[in-house]
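These notes are about the structure you will find just below.
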Amino acid sequence: MSDLEDDEIPQLSAHALAALQEFYAEQKQQIDPGKDDIYNIGIIEENWQLSQFWYSQETALQLAQEAIAAVGEGGRIACVSAPSVYQKLREMCREDFSVYIFEYDKRFAMYGEEFIFYDYNHPLDLPQRIPAHSFDIVIADPPYLSEECLRKTSETIKYLTQGKILLCTGAVMEEQAAELLGVKMCTFIPKHTRNLANEFRCYVNYDSGLDCLI
């Protein structure tokens, strides 16, 4: 190649090159996040086609703390379609409980053996290593505000739990939630990172610390 041809090759400015390097670094972080960041809420972006809306940091922390208090030392926690709570539990770096994430989105398979592929349309299609009534509490957030989705997710919840249930869903589902799971609405109001059109609430079937909040 001649010197003339070399001169004609476009050259990036220092500013453009720095911006490009920053972009590549962000892409690498999304594909291969560091160990310290792997449990950050938002490390996996919301997919609205899957009706994914992540909890705020404050709500995820409150629900995680509630779950830990409910199960006690050595307890087992199932997060069904509630990845933000799973991430917050794991972010705490505590080893006095175990937790699994039941999720349709296979991007969460990055969490290894704690990831259980879950499709609410097949509520009891679970691996053999997940026996019935093997969790002290089930935290569930059905992806859709419909009677069908709640009914099918309820089958999963009742299969997994030894008794305690923490359900997060729309306020409009209060009656159906009570009928299907025997849960009551809490005073605590969960928040999301984005403002949703539908009012969300928490429901439990046990004496919960969430009722003590304003």
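The values are calculated or read from the model by the stated rules, or taken from the named source; none is laboratory data. Predicted model, so just to flag it, every value in this text is computed and none were measured. Neighbour counts run over all protein chains shown; Cβ positions are idealised from the backbone, glycine included. SASA here: full protein model, heavy atoms, side chains in, ligands and nucleic acids out. Shrake-Rupley method; radii C 1.70, N 1.55, O 1.52, S 1.80 Å.
Quick rundown of the values:
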{"item": "Local net charge near residue 146, Cβ-Cβ under 14 Å (Lys/Arg +1, Asp/Glu -1)", "result": "-2"}
{"item": "Overall form of the range 82-139 per C-alpha gyration tensor (a/c, 1.5; a/b vs b/c)", "result": "oblate"}
{"item": "Net charge of Cβ neighbours under 11 Å - reference residue 172; Lys, Arg +1; Asp, Glu -1", "result": "-3"}
{"item": "Rounded to 5, the percent of DSSP beta bridges in the range 54-204 classed as antiparallel", "result": "30 percent"}
{"item": "Rounded to the nearest 10 Å², the accessible area of residue 106 at probe 1.4 Å", "result": "140 Å²"}
{"item": "Burial ranking of peptide ranges 123-133, 56-66 (average Cβ count within 10 Å, highest at the top)", "result": "56-66, 123-133"}
{"item": "Note, ³J(HN,Hα) from phi for the range 71-87, Karplus 6.51, -1.76, 1.60, rounded to Hz, x at Gly and Pro", "result": "9, x, 5, x, x, 10, 10, 10, 10, 9, 6, 9, x, 4, 5, 4, 4"}
{"item": "The range 95-173: GluC sites (Glu not before Pro) in DSSP loop, at most 11 other beta carbons within 10 Å", "result": "95"}
